[in-house]
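Structure, as structure tokens:
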Amino acid sequence: MTCGNEGVKMIKPKYNWLLSETNDNQITDDIAQQFKLTPIMKQVLESKAIITAEEIERLLKGQFVHDPATMSDMTKAVERINQALDRNETILVYGDYDADGVTSTTILVKTLRELGAHVGWYIPNRFSEGYGPNELAFQNAVDEGVSLIITVDNGIQGHDEIKLVQDQDVDVIVTDHHEIGPTLPEAYAIVHPMHPDYDYPFKYLCGAGVAYKLAQTLLDNPPSYFKALVAIGTIADLVSMTDENRTLVKEGLAVLNQHLPVPIKALLQQAGFDQTITEETIGFIIGPRLNAVGRLEDASLAAELLMTDEMEEAQFLAEQVEYFNNKRKDIVQAIADQAMAMAQEQVEQGSKFLLLAQQDWHEGVLGIVASRVVETYHLPTLILNIDEAQNHAKGSARSIDQVSMFEILSEQSDLITKFGGHHMAAGMTLSIENIEPLHQALDQTMQALAKQISLVPTKKVDVEIAETDVSVNNIRDLQKLRPFGTDFAMPCFKLSDINVIQAKGIGQEKRHLKLTLGADRLQALYWQHGQLASELGESQPLDLIGTLEINEWNGHQSPQLMIQDLASNQLQILDYLSKNKNNSFENSNEVAYIIRSEQDKPSEHYYYYGESFQQPYEKYVMMELPETLSALQETLKQINNAQIYLVLAHQHSVYFEGIPKMESFKACYKAIYQKGNLNLASEGMQLCEYLRIKPDHLKFILRVFYDLDFIKNEEDLIVINPDSTTKAIDSSSLYQARQSRIEVEQLLLYEDFNKLKSWIKAEMNNN
């Protein structure tokens, strides 16, 4: 069921909100009492279809442990390793350059060292060797006397490289978790949870998880540190947070919090982190740092850090890792700034597939940048670095749920030299001359697809809650469900019609939005959406979705909402009179600009006050003060729910000048009549003093007299017009315009803003 997206949104949501159906998934009262489930916890479990006592118990207690001996070729692999130990053979552990790869490498190297093996390790370079078995590296190992190669977190696709060394009587044991192709490599043994000839109970271990299963079989009591490494690999590699992975991560987090290993301690010290370690700590602090090294240089540094037991050495290596992480962030930001500008341009041109290519973009971070672009524009994105010297472009692609990146790229394989990937991501190399044809072809595919399906991304919402449900106690209860991750996401909640108390931009350049909401003044944060602060008025009701966490400050705990999306169905009337407001409005086709009739119209989306709109708009910008309230009223009658921006530009205000009294008009006419004429330049001030009025009022009186033909000019003198007829002063168009202007200013510039909003709403309801 879709919720929160019917009708026109005044602030449109970025996602379609899909509220979980729980009608068929009810936890009985007996089970709820058995596990002491609070109402909110019960609702969350129901939304995730976890309803039986057995399922709940396994989830809460994490009792998922499978026999490593049931994994493919495990016995065969252990026998061959033991044989190598007995013969003192040289073993090479061949890893990968990401966080899962370096944790897998560490687990197996440390295992073999504990057994007394003669073992070395090798992690290929992302840029010069690429992912997986490398022919030159494998051959070098053979030449150096290695007789057993064990791959970790790779190898299942290394058919040619494995055959090369197997033919030279060097055995290869593959330990991997990636998708298995149509054929298996001719390795001595393949330890893999998804092996088609075996039935291991859980298919979705990460590389470190598989390495740990091997370590469990080789060692009687594997070090507790290994569990910490498995937790890091599991979370960093975004594998399923279900079944055995939950148990491994839970146990790993317990190790990290109870006996913090030296390498991780050094890493967290560099990051300035000293709080409880959760899956988020790994996902946002530990994992990115271990990944950063392999993205920029040689990942061996990260593996060296994880393998050391000496604090001094760990601190030295962690400092280097931190350097690479900071460098990675700077590079990502620089490329992202350029890529976002290019993406915006393509979006404005109507592109449905974004292909962004430039020279001197660092290939190691293009996947991160592509993810950011997709997050912003919700369109499949390919980012390429152009290498003129090698006449090719290389990069990464990221997709949206509705589109398989692997499939749409496969259709254009004739334009691509090399690529691999899956539904959501891919990497590739192609000739420079094929960049533009590929972009055109992919965009055509997406244009056709956009006519058949909606490209608006979806966001699953677990439970709709009331404002009163948001409490520290409830959030603390929900944390019993941790760890969260892939296939078991942190619960997403919906709050409806909660009032904005305060909205402000925070952080550098006010990039982030901070809201105070509702009667209990709930604090909410929305990263990268600081620009919305000017669009959110006080007492404005909002619908929001997001996750809940406990904020601790000076020993005080309070609930906090981390916003994932927001929307408003309500009319918004926004005060943009302040000169410091940013008066730029995006998506001009959705914005109507209302101006005074004496102005020229720059586009078809500009209208005069009182004029009929040619189409409905999401935003209406009152650019200038209207000539009359009646013209404004005619405009407002045509507007339904929308955002109304009151810019109301004007040169000067006449409100405080007011209109001269009728007595002043009469006295002025009588004075000119009696004197016979008036030299304004020499006698104007004297007349002002006589009439006890300001010069501006005198000028206005004389302009009204001219308008009514009461006076005329003769030789720079003002004289009475003998041919004039009697007319009422207030019949003058100038007089009426001044009255209207004062009336307009009084309401639009000087009235209490809440009263002004009420007046606008009333006029809109009169249509």
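Every number here is computed from the coordinates shown, using simple stated rules; none is lab data. Being a predicted model, the structure only gives us computed values, none of them experimental. Cβ coordinates were reconstructed from backbone atoms using ideal geometry, including for glycine residues, and neighbour counts include every protein chain displayed.
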statement: Kirkwood calc, the range 389-531, C-alpha pairs only, radius in angstrom 19.5 Å
message: Just to confirm a number: summing +1 for Lys and Arg and -1 for Asp and Glu over residues other than Cys206 whose beta-carbon lies under 9 angstrom from that of Cys206, what do you get?
response: -3
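If I take all pairs of Cα atoms in the chain, what percentage of them are more than 47 Å from each other? Write down the numbers at each step before the final one.
Values: 112881 of 293761 pairs.
When all Cα pairs of the chain are counted, 38 percent exceed 47 Å.
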query: Considering only Cα-Cα distances, which of the following residue pairs are longer than 30 Å: Lys12/Lys61; Lys250/Lys459; Lys203/Lys480; Lys14/Lys250; Lys451/Lys761?
result: Lys12/Lys61; Lys14/Lys250; Lys451/Lys761
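Provide the convex hull volume over Cα atoms per residue for the range 68-323, in Å³. Kindly include the intermediate steps, with their values, before the conclusion.
Numbers: hull volume 29.5 nm³, N = 256.
Roughly 115 Å³ of hull volume per residue.
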- request: Round to the nearest 10 and give me the degree value, 0 to 90, for the angle of helix 262-271's Cα axis relative to the longest principal axis of the chain.
  value: 10 degrees
task: Would you list the P(r) distribution for the range 402-484, with all Cα-Cα distances sorted into 10 Å bins from 0 and each bin expressed as a whole %?
output: 13, 31, 18, 15, 16, 7
task: Convert each backbone phi in the range 718-734 into a coupling constant with the Karplus relation 6.51 cos²θ - 1.76 cosθ + 1.60 (shift: θ = phi - 60°), then list the ³J(HN,Hα) values in order as whole Hz, x for Gly and Pro.
output: 8, 10, 5, 7, x, 8, 6, 10, 5, 9, 6, 3, 6, 7, 5, 5, 5
- line: In units of 2.2 N^0.38 Å, the Cα radius of gyration of the range 350-454 is 0.98
- request: Treating the Cα atoms of the range 510-556 as identical point scatterers in vacuum, please give the log10 of the normalised Debye intensity I(q)/I(0) at q = 0.18, 0.31 Å⁻¹, two decimals.
  value: -0.65, -1.36
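So what's the range 662-741 giving for Cα Rg divided by 2.2 N^0.38 Å, two decimals?
Values: Rg = 12.0 Å, N = 80, 2.2 N^0.38 = 11.6 Å.
Compared with the compact-globule rule of thumb, the range 662-741 sits at 1.04.
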field: Cut-off 9 Å between beta-carbons: net charge of the residues surrounding Ala318, Lys and Arg +1, Asp and Glu -1
entry: 0
query: With each run of n ≥ 4 DSSP H residues scored as -39500 (n - 2.57), what mean residue ellipticity at 222 nm is computed for the chain after dividing by its residue count and rounding to the nearest 500 deg cm²/dmol?
result: -12000 deg cm²/dmol
message: With θ taken as phi - 60° and the coefficients 6.51, -1.76 and 1.60, list the Karplus ³J(HN,Hα) couplings across the range 479-485 in order, rounded to whole Hz; mark glycine and proline as x.
response: 5, 5, 7, 5, x, 9, x
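Rg to Rh ratio, the range 645-690, alpha-carbon atoms and Kirkwood radius? Present the calculation step by step, with values, prior to reporting the outcome.
Details: Rg = 16.1 Å, Rh = 13.3 Å.
That ratio equals 1.21.
Run through every distinct alpha carbon pair of the range 1-122 and return the Kirkwood hydrodynamic radius in angstroms, one decimal place. Mind dumping the intermediate values first?
On the way: mean 1/r = 0.0503 Å⁻¹.
Taking every pair of different Cα atoms in the range 1-122, averaging 1/r and inverting gives 19.9 Å.
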message: Just to be sure I understand the curve: with the Debye formula and one point per C-alpha of the range 282-381, what is log10 I(q)/I(0) at q = 0.19 Å⁻¹?
response: -0.88
